[in-house]
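Here's the structure we're looking at; comments come further down.
Bear in mind these aren't lab numbers, they're just calculated from the coordinates by the rules spelled out. Bear in mind the structure is a predicted one, so any value in this text is a computation, not a measurement. Cβ placement follows ideal geometry from the backbone for every residue including glycine, while neighbour counts extend to all protein chains displayed.
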Amino acid sequence: MNISLIKVREPSVSIPEVTPPLGIMYLAGYLRKYRPGKDNLSLSDLSVQSKEQALEGLRDADVIGLSTTNRDGRYLTGIIKDVRAINKNATLVLGGPIVSSFMNELYGSFDIDFAVAHEGERTFLEVIEKLDSTNTPLEQIKGIVYRNGTSRFTGRRETIEDLDDEIPFPAWDLILERPLSEGYWKNKSFAFYRMGKKYMGLFTSRGCPYKCIYCHDIFAKRFRAHSAERVVAELEHLHKNYGLRDFEFYDDTFNFDKERTRKICALIGEKQLKINLYFPNGLRADRLEKDIVEKMAKAGTKVMCFAIETVSERLQKLLQRNLQFENINSMIDVAVKNGIHAEGFFMIGHPTETKKEMLDTINFAAKSSLHSAAFSIAIPQKGTELFTKYIGEKKTQNLGEGYYEYSSSISEVPPNEVRKLLAYTFIKFYLRPGRVLRILKTFPPSFIFSRRFMVQIHKWLDVVFHSSNHSK
Ligand code: B12
Ligand code: SF4
């Protein structure tokens, strides 16, 4: 079958980061393993390609798989129209985080044939097998949302337990062996900076055992992971076959299993891989220890993000995040001492949050030895407990909502003031000579003069000025 997979993403100044489309790369790798030689697979990515380029490849497709998040839902509606116009006969399958969030409203919003919820590999394989030959009635495929009057979900599919055994390497070649890859090299990636131009993102574990009420549940509330050996085999393969040295990890809680983390670092050392590692999706400081941070530094870690969010213990409880604080500053200090760029993740605008609590978090960040900090406004995502509890289960999320247009103030502080605080936060954190010098010291000079750094500066200015404009 001719199967085309597209990542749908609308360009945005406030979120300029672009990452390789691992979701559809995993699906392509899986179909190749379980249907060898049966399909022609192609990938496109609207984060790095024009709409025209991406649509052009769809003319002969039998199945078109679209992958997206809530944020790009509004854009998706237009893309679906364009896709239908260029290829009337293809079966349109939607996947990615948006499906589990919008399960009950999919067919009201999007003109698709089916949707695949949660972990996608097994379900998508079954959908393709059905479309190709068998007569399995659709209702028997677990994990899909189909149209029957309204949206109907066939029920959650069991998760894949033995990731090493069942999940092959993602189809890296469909990105790395094409000019498309240039789009990732020249753009800002998820990590604050990277040493080299070329890189790849990795997803070495699935699911997270914590229950933060603002978070998705795509891969289940349990930690499943590739073994250390498999993770290092992926690094080695990408290093040897594609000459890559820079690797970003997008796991939800990469360091949840302390022994796995230690072993990955040890294996990188044993194999003498000279590579750079980045952890831009946030590590839990309460699952780190001094020796782990030191081992990660020795293995090549250049950027480590600490997902702190709020320093209010009351809010940590309310958000069911329950981060243990004792360790945070000392782990940041160990990272900084070992030459790692330490970034903090913070959010303001949590439900019932007071101005004082916001300022406490801002002051903590400013006083810490973090090199950089990413402050966001808490925007409830449909499908999370945060949305159900504080916005309302029956309410619809404003698709395409950005940092500045967000409509749902759930804190004690009015939206305009939260935006104003966001601008103040950036100024208070960054406009310190000591911090600026420390940031510049960790960057490779090639990054300071790169387009990627300009994009970062554009993003900062956008947060500061956009926020203050709106707050008048
Ligand atoms: C990398 C990343 C980013 C990058 C790139 C995002 C992008 N859209 O290109 C950056 C840093 C820019 C980013 C920004 C944001 N992100 Co983000 N990000 C991630 C992260 C950490 C990893 C994504 C990844 O590679 N996953 C690994 C792959 C294997 O998983 P997957 O894509 O879900 O694919 C599987 C299934 O979904 C399914 N599937 C996927 N596509 C398809 C397609 C078909 C046809 C089928 C059948 C199946 C299928 O099968 C795949 C294999 O099982 C995820 C967390 C996570 N656990 O995934 C959050 C996540 C996607 N982000 C999230 C959010 C909220 C955001 C922001 C809104 C944050 C903010 N306030 O700014 C912005 C929105 C940006 C945007 N336009 O989408 C949420 C999305 C929730 C939702 N329902 O939409 C997630 C899930 C995190 C979370 N904790 O809730 N993000
Ligand atoms: S926010 Fe992070 S720690 Fe909390 S549930 Fe989500 S992935 Fe896990």
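For Glu309, state whether it is within 13 Å of ligand 2 (Cβ to nearest atom), crowded, with 17+ Cβ neighbours inside 10 Å and acidic (Asp, Glu).
yes
Name every residue in region 193-220 that is more than 9 Å from ligand 2 (Cβ to nearest atom) and farther than 30 Å from Ser450 by Cβ, in order of residue number. Let's see the steps before the verdict.
First, pick out the residues of region 193-220 that are more than 9 Å from ligand 2 (Cβ to nearest atom): 193-206, 218-220.
Correct list: Ser205, Arg206, Ile218, Phe219, Ala220.
Just to be sure, is Lys130 within 14 Å of ligand 1 (Cβ to nearest atom), without any contact (Cβ under 8 Å) to a residue 12 or more places away in the chain and surrounded by fewer than 20 Cβ atoms within 10 Å (Cβ to Cβ)?
yes
Kindly list the number of the only condition in (1) within 23 Å of the chain's Cα centre (by Cα); (2) surrounded by fewer than 17 Cβ atoms within 10 Å (Cβ to Cβ) that fails for Gln140.
(1)
Test Trp185 against the criterion of being out of contact with any helix residue (DSSP H, G or I) (no Cβ under 6 Å at 6 or more places or on another chain), more than 15 Å from ligand 1 (Cβ to nearest atom) and among the aromatic types (Phe, Trp, Tyr), and give yes or no.
Considered against the rule, which asks whether it is out of contact with any helix residue (DSSP H, G or I) (no Cβ under 6 Å at 6 or more places or on another chain), more than 15 Å from ligand 1 (Cβ to nearest atom) and among the aromatic types (Phe, Trp, Tyr), Trp185 comes out as yes.
Lys240 - would you say it is part of a helix (DSSP H, G or I), without any contact (Cβ under 8 Å) to a residue 40 or more places away in the chain, buried (at least 20 other Cβ atoms within 10 Å of the Cβ) and among the basic types (Lys, Arg)?
Criteria not met by Lys240.
So which residues in region 221-269 are of a type in the set (Gly, Ala, Ser) and within 16 Å of ligand 2 (Cβ to nearest atom)?
Ala225
So the check is Cβ under 6 Å with 6+ separation or different chains; which pairs have a first residue in region 376-399 that's more than 19 Å from Arg419 (Cα to Cα) and a second one that's assigned to a helix (DSSP H, G or I) and among the small types (Gly, Ala, Ser)?
Sorted first by the residue in region 376-399, then by its partner, the pairs are Lys382/Ser101; Gly383/Ser100; Gly383/Ser101; Leu399/Gly73.
Hey, among Lys7, Lys38, Lys81, Lys33, which residue is more than 28 Å from Pro280 (Cβ to Cβ), basic (Lys, Arg), in contact (Cβ under 8 Å) with a residue 24 or more places away in the chain and within 14 Å of ligand 1 (Cβ to nearest atom)? Steps first, please.
Values: Lys7 fails: more than 28 Å from Pro280 (Cβ to Cβ); Lys38 fails: within 14 Å of ligand 1 (Cβ to nearest atom); Lys81 fails: within 14 Å of ligand 1 (Cβ to nearest atom).
Within the list Lys7, Lys38, Lys81, Lys33, the selection yields Lys33.
Would you be able to tell me the number of residues in region 1-37 that are aliphatic (A, V, I, L, M), touching a Ser or Thr at 6+ places or on another chain (Cβ under 8 Å) and outside any loop (DSSP other than H, G, I, E, B)?
Here the count works out to 4.
Within the group Leu94, Leu27, Leu76, Leu66, which residue is over 22 Å from Arg206 (Cβ atoms) and crowded, with 24+ Cβ neighbours inside 10 Å? Step through it out loud before you land on a result.
On the way: Leu94 fails: over 22 Å from Arg206 (Cβ atoms); Leu27 fails: over 22 Å from Arg206 (Cβ atoms); Leu66 fails: over 22 Å from Arg206 (Cβ atoms).
Going through Leu94, Leu27, Leu76, Leu66 in turn, the sole match is Leu76.
Can you name the number of the only condition in (1) within 16 Å of ligand 2 (Cβ to nearest atom); (2) of a type outside the set (D, E, K, R); (3) under 24 Å from the mean Cα position of the chain (by Cα) that Leu277 fails?
(1)
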